[in-house]
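All remarks here apply to the structure that follows.
The values are calculated or read from the model by the stated rules, or taken from the named source; none is laboratory data. Given the structure is predicted, the values throughout are model-derived calculations rather than measurements. We work out accessible area using only protein heavy atoms, side chains counted, and drop any ligands, DNA or RNA first. Shrake-Rupley method; radii C 1.70, N 1.55, O 1.52, S 1.80 Å.
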Amino acid sequence: MVEAADGAEEEEGETAEMLGAADAALQRNGLLPGKEAANGGGCAAARGGPAAEAEAMLPAGGGRAETRLSRRRLAVLAVFSCYSLVNAFQWIQYSILSNVFVRFYGVSFAHIDWLSMVYMVAYVPLILPATWLLDARGLRLTALLGAGLNALGAWLKCGSLAPGRYAVTMAAQGVCAVAQVFILGLPSRVAAVWFGPAEVSTACAVAVLGNQLGTAIGFLLPPVLVPNTPDDIDLMAHNISIMFYGTAIVSTLLFFLTGVVFEEKPKYPPSHSQAVLQTVPPEDYSYKQSIINLFKNIPFVLLLISYGIMTGAFYSVSTLLNQMIVTHYEGEEVNAGRIGLTLVVAGMVGSIICGLWLDYTKTYKQTTLIVYILSFIGMVVFTFTLDLGYLIVVFVTGGVLGFFMTGYLPLGFEFAVEITYPESEGTSSGLLNASAQIFGIIFTLVQGKLTTNFSPCAGNLFLCAWMFVGIILTALIKSDLRRHNVNSGIMNVDIKAVPVDSPGDHETCTALKVQSAL
C-alpha cells in the first residue's frame, strides 16, 4: 500500500486540469507575476495592490508551487480512520452495557455514565495544548501519541477484570480519553495536508467516518461478546476479558502501522492553498494570535456554538441510548445496541454523501443548514415515537436521526476550515470539538437526570429545544469560502500579505507573511 520512494508519487489528471484552470484564471485577472514583478514589482506588496498580494502569497522565485497527489495519502487516511475507530469503540463500550457493568463493578448507573463522560471532561482542558503540539511539532508526532495512548489505555483495562476494580477501569478509560484529544481534531488536517481540492471534503468525511464506525461497532459488538449473566460473575468476567484483550491487540497493531505509514507531509503540496501556507516561515506563526483571530471571527464563533449543540446532543443520545430503550423495552439490551448501530451506520452514509456533495458544489452553508434542520425534525420524530411499543419504528426513526445528526459532523469541520483559512485546521477543529465536549457533558448530565426522574421524552425534548437554537445560529453564519477562493485563483481582501516588522517605510521591500484579515 505504501510506496518506499518519493518517486511513487504521481500527479493525477483531474487535479492537473483544475490547477491549470486556476492558473489561467489568475492570468486573466492579472494576478500571476510576470516581468514587472520579476524586475522589482514585489515592492508594491507594501502598497497593497492585488497583484502584489498574489505575488506575496506565491513561493520565492515568482512561479506557482508544483502540486501533486501522493499515493501514500490513501494509506495515511486508512490507518488514521482505523485507530480513530478503536478509540471511539472504547468510548461507547461501557455505556451500551451499562446494566452489565453496574452489576460487575457494583456501582451505580451514574458511575458507568462517567466512563463515557470522562472523554468529554478530558478533552476540554487538554485541547489547547494538543493543538499547540500539532502546530509546533507536526502531524506525525500527534498521530503517534493518539495511537500509542489508545493502545496503552486498552492494555490497562485488562487489569480491571475483577469486581471492585472500577477505579482501575476508570483510570484506563482516562488514558483513552487523553488519546482522543490527539485524534478528534485531525480529520480536517489530514485531509488538507494530503488531499487535493477536488477530494478534500470527501477525505475529511472518510476520516470522521472511522470514528463513527467505531461507535457503530461499539453499539453492536459488546452486547454480543458480553451477554448479561447477572447470576454468573465469573462468566461475565471471562466475556469482558475477550473484549478487552481483543481491543488491546488491535490497537497495538495500529500503533505500529501508524509509525510505518504516517509522514509529516507529502513531498509536494496537494493544493495551491497548502502551497501558500508552506511558504510562511515557522517563526512568523503565532499560536496565540491564531486563537485570537479565530475568536474574533464572528462566523466561526457562531459555528462553534451551533456545532457544539449538535454534536453534544449526539454524544448525549449515544451515552443514554441503552437507558432510553430498556425503559420502554425491558430486556432489549441487544436491540438497543442494534438501534445504536443503525443510528451510526446511517450517519456514516450521510457523512459520505455530504462530503461528496461539498466537493461537487462547495455549498457549505446551505448544506450545513439543511442538514441541521433535518436533524432537528428527526429528533422530534424519534422523541414522540420512542414509547409506541414497536421496536421497528424506533429502528427507522433512529436511522433517520443518525443519517442527519452524525452526517453533520464532517460538514462542521470543513465549513470551519473554509471560513477560517489560513488559520490551522487542527486549531479550528480542536475548538469545535472542545465546544462539543462541553455541550456533551452538560447535555448528558441534564438529559440523564430528566430521563431518570421523569421520562426519556423529557430528556429528548430538552435536546430538541437546544437544537432549534442551533438552527438559528447556523442561519446567521456568513459564508466566506476563503480556502476555496485561493484554490480557484480568486484573491480577495480576506487573504492578504502584510509587512513583517516594517520600520514604517512602506515603499521598502519587506518580508511578507500570510495572515487572516478578520
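Tabulated data for the structure shown
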item: Viscosity 1.002 mPa s, 20 °C: Kirkwood-radius Stokes-Einstein D of segment 118-209 over Cα pairs, µm²/s; result: 150 µm²/s
item: Where segment 173-263 is the region considered: accessible area per residue in Å², 1.4 Å probe; result: 31 Å²
item: Within the accessible area of segment 87-161 (1.4 Å probe), percent carbon and sulfur; result: 73 percent
item: Among the listed pairs 265/365; 267/288; 267/362; 157/365; 288/362, those beyond 32 Å (Cα-Cα); result: 157/365
item: Between segment 348-365 and segment 75-136, the alpha-carbon center distance in angstrom; result: 27 Å
item: Segment 146-190 - Rg over Rh from alpha carbon coordinates, Kirkwood radius; result: 1.12
item: 12 Å tail of the calculated P(r), segment 297-352, as % of Cα pairs; result: 71 percent
